[in-house]
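Here the structure comes first, spelled out in structure tokens, and everything after it is commentary.
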Amino acid sequence: MQWIDLRSDTVTQPTPAMRQAMATAEVGDDVYQDDPTVIQLERLAAEMLGKEDALFVPTGVFGNQLAVFTHCRRGDEVIAGDDSHLVWHENGAAAVISGVQLRTIASKQGLLEPSEIESRIRVGEDIHIPRTGLICLENAHGNGRVIPLATMEATAAIAQKHGVPIHLDGARVFNAATYLGCDVKEITQHVDTVMCCLSKGLAAPVGSILAGPAAFIKRARYNRKLLGGGWRQAGVIAAPGILALTEMTQRLDVDHDNARYLAERLAEVPGINVDMDDVHINMVWFALPDGVDMPQLMDALEAAGIRANGAYGGKMRLVTHWQIDRDALDRTVSVIRNVVAG
Ligand SMILES: Cc1ncc(COP(=O)(O)O)c(CN[C@H](C(=O)O)[C@H](C)O)c1O
């Protein structure tokens, strides 16, 4: 059955061109750094992200946690937003894998005020205090909003002043660049390392990229192996990653336009509240009117061949991607409208 799957952009299936590339990929043992397709992907990613080197990793969480593990010492403090993916959805991995303390900041819709970050940076030698080992930013944010370049720049200046590196959870950094109308390097220039997902809106079946200075990536490659993440003939899954970067980054505006279309149609349904100002990328969050029978709504959506996650903090999230067109969105809104209308 071909579902209309709006749960996330993590559900994207590889394009036909990606499947062809997978079948014909040149491969080798990547632990020996013999896989020409992985090497091609890593070089392309480093160039596009404006970093000296890059590493192909299994997932976004792996890339984020490998960054923390490689930047930090055990006992360090890591500054992050209280609603960041690193804090909310990574199983407490920073403590488990790296033995670090997460120092959270209440974000303003995903944005961390640079002054708030600076006030939490540990300064000076004191027998009581840990070292601030890393600042973690997220852009685009998992709430679908994009952090302005000026905020990134101001944060970078503070981090540089205190000698603290910045890691960017850039799972959707190409979506952010599309929204800002800038090259992705204008975002990544303000951070030391960046993780970007190939397997979300960019539609690769597997994988993310961790990019940064050559010396950092060399240490990260060692740490990836330590964590059991050494690839063998991974060219089979690196090949679609190359197409993700060369082709799918160019069409993200289609997903963004479809998200705005969806938000506008939902806003026309009596009782549904959509904040159009929050619709920056391919995500639409909306509040249903009180009293909506959620089990009935989820059953109606499933019966119509539509997959969506339930409400989260009183809001539902629908995510557009290359396999979602306007007809699918119209069908989705029609089901929601009928259930809400009772
Ligand atoms: C900002 C950000 N950083 C990292 C990740 C993790 O990427 P993966 O480990 O799933 O590849 C995600 C996945 N986000 C997923 C989604 O949005 O459906 C779920 C919540 O994990 C993310 O949104």
All positions within the range 160-176 that are under 20 Å from E42 (Cβ atoms) and not in a loop (DSSP other than H, G, I, E, B): H167, L168, D169, V173, F174
Selection count where residues are of a type in the set (A, V, I, L, M, F, W, C) and under 14 Å from L198 (Cα atoms), scope the range 1-23: 2
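Conditions tested, residue by residue: (1) part of a loop (DSSP other than H, G, I, E, B); (2) closer than 29 Å to L198 by Cβ; (3) touching an Asp or Glu at 6+ places or on another chain (Cβ under 9 Å); (4) touching a residue at least 60 places away in the same chain (Cβ under 8 Å).
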residue	(1), (2), (3), (4)
G271	yes, no, yes, yes
H280	yes, yes, no, yes
V284	no, yes, yes, yes
L297	no, no, no, no
L301	no, yes, no, no
M316	no, yes, no, no
Q323	yes, yes, yes, yes
V340	no, no, no, yes
Residue list for the range 181-204, filter: assigned to a loop (DSSP other than H, G, I, E, B) and hydroxyl-bearing (S, T, Y): S199
Residue in the range 48-67 that is farthest from the ligand (Cβ to nearest atom), counting only those that are surrounded by fewer than 24 Cβ atoms within 10 Å (Cβ to Cβ) and within 20 Å of M152 (Cβ to Cβ): E52
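Would you kindly identify the strands (runs of 3 or more DSSP E) lying entirely within the range 42-159 that contain at least 1 residues that are among the aliphatic types (A, V, I, L, M), modelled with pLDDT of 95 or more and within 16 Å of the chain's Cα centre (by Cα)?
So the answer is 53-57, 77-81, 132-138.
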Close pairs from the range 82-108: first within 13 Å of the ligand (Cβ to nearest atom), partner of a type in the set (D, E, K, R), Cβ under 7 Å, at least 6 apart: S84/E138; S84/D169; H85/E138; H85/D169; L86/D169; S107/D82; S107/D83
Cβ-Cβ under 7 Å pairs, at least 6 apart or on other chains, the range 48-75 side farther than 29 Å from P130 by Cα and hydrophobic (A, V, I, L, M, F, W, C), far side part of a helix (DSSP H, G or I) and near the ligand (Cβ under 9 Å from one of its atoms): V57/G63
The range 159-172 residues that are away from the ligand (no atom under 16 Å from the Cβ), paired with ones that are modelled with pLDDT of 95 or more and part of a helix (DSSP H, G or I) (beta carbon under 6 Å, 6 or more apart): P165/H71
Where V78 falls short, out of the listed (1) within 14 Å of the ligand (Cβ to nearest atom); (2) surrounded by 20 or more Cβ atoms within 10 Å (Cβ to Cβ): (1)
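The values are calculated or read from the model by the stated rules, or taken from the named source; none is laboratory data. In this text the structure is predicted, and so the values were computed from the model without any measurement. All Cβ positions, glycine included, derive from the backbone under ideal geometry; neighbour counts span all protein chains shown.
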